[in-house]
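Colleague: My structure is below; once you've seen it, I'll send some questions.
Nothing in this text is a laboratory measurement; each read-out follows from the coordinates by a stated rule. All figures in this text were calculated on a predicted structure; none of them were measured in a lab. Backbone-built Cβ (ideal geometry, glycine too); neighbour counts: all protein chains shown.
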Amino acid sequence: MFDVYLSADAMAAATEHFRSASWEGKEAMGLLVGRVFVFEGRPYAVVDEYVTAANDATAVHVRFAPEAFSELSKKLMGGRRVVGWAHSHPDYGCFLSTTDVATQETYFQEPYHVALVVDPVRNEKQCFKANKGQYAPVSYAVIRKKS
């Protein structure tokens, strides 16, 4: 069992957003939306969609722009659940910075919450969880719908 299962469509949407931002020399971010399940007492997330809105970003910092929150709330209507967040580290690898760890621990405290970090330049991807100021990579799989 993996800690998180990401739909290929969600991964592609996030990766394209991050690649596009990297062409401008910027980081980017969004939310992972999906469902939560429990297997043998252990929760795991299934990410169905990547959603984003306006970002305020530089080469080493990103956050949602103030106007993004009303747009995000509309996208999340209908009982959809945020199961984590995703952001890019263009050309400096996959890890959680101290700011990222603080973000994870402040806003994504559920045991199923994950942080997906993508380096679109190096084509690297990794999911993480954080606890008590530390972070660790977690297992993930990219899944495709059967045709």
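Colleague: With unit charges on the beta carbons (Lys and Arg positive, Asp and Glu negative) and the dipole taken about the Cα centre of the chain, which residue among Ala12, Ala102, Val60 sits farthest to the positive side?
Modeller: Ala12
Colleague: Sticking with this one: Of all beta bridges DSSP finds with both residues in region 4-143, what is the antiparallel percent, to the nearest 5? The partial results should precede the final answer.
Modeller: On the way: 28 of 40 bridges.
Restricted to region 4-143, the bridges split so that about 70 percent are antiparallel.
Colleague: If you take the square roots of the eigenvalues of the alpha-carbon gyration tensor of the chain and sort them as a ≥ b ≥ c, do you get rounded (a/c under 1.5), prolate (a/b over b/c) or oblate? Please report the intermediate quantities before stating the final value.
Modeller: Numbers: a/c = 1.34, a/b = 1.25, b/c = 1.07.
Because its axes are fairly even, with a/c under 1.5, the chain counts as rounded.
Colleague: Within 12 Å, Cβ to Cβ, of Ala141, how many net charges do the neighbouring residues add up to if Lys/Arg are +1 and Asp/Glu are -1? Spell out each step's value before the answer.
Modeller: Values: positive: Lys125, Arg144; negative: Asp3.
Result for the local shell: +1.
Colleague: Where in the chain are the helices, taken as whole DSSP H runs, whose Cα atoms extend 15 angstrom or more along the long axis and whose Kyte-Doolittle mean reaches at least -0.5? Show your work: numbers first, answer last.
Modeller: Numbers: long enough: 8-23 (22 Å, -0.15).
Membrane-span-like by this rule: 8-23.
Colleague: Going by the alpha-carbon gyration tensor, a ≥ b ≥ c the square roots of its eigenvalues, is region 65-147 rounded (a/c under 1.5) or, if a/c is not under 1.5, prolate (a/b greater than b/c) versus oblate? Write out the running numbers ahead of the final one.
Modeller: Values: a/c = 1.40, a/b = 1.16, b/c = 1.21.
Verdict is rounded for region 65-147.
Colleague: Within a 10 angstrom radius of the beta carbon, how do Met1, Met11 rank from fewest other beta carbons to most?
Modeller: In increasing order of surrounding Cβ atoms, one gets Met1, Met11.
Colleague: Using the Karplus curve 6.51 cos²θ - 1.76 cosθ + 1.60 with θ = phi - 60°, what ³J(HN,Hα) values do you get for each residue of region 28-41, in whole Hz, with x for Gly and Pro?
Modeller: 8, 8, x, 10, 9, 10, x, 10, 10, 10, 10, 10, 6, x
Colleague: Please sort by residue number the trypsin sites (Lys or Arg not before Pro) in region 114-147 whose DSSP state is loop and whose Cβ has at most 11 other Cβ atoms within 10 Å. Numbers along the way, then the final one.
Modeller: Numbers: sites: Arg122, Lys125, Lys129, Lys132, Arg144, Lys145, Lys146; in loops: Arg122, Lys132, Arg144, Lys145, Lys146.
When the trypsin sites (Lys or Arg not before Pro) of region 114-147 are filtered for loop state and at most 11 Cβ neighbours within 10 Å, Lys132, Arg144, Lys145, Lys146 remain.
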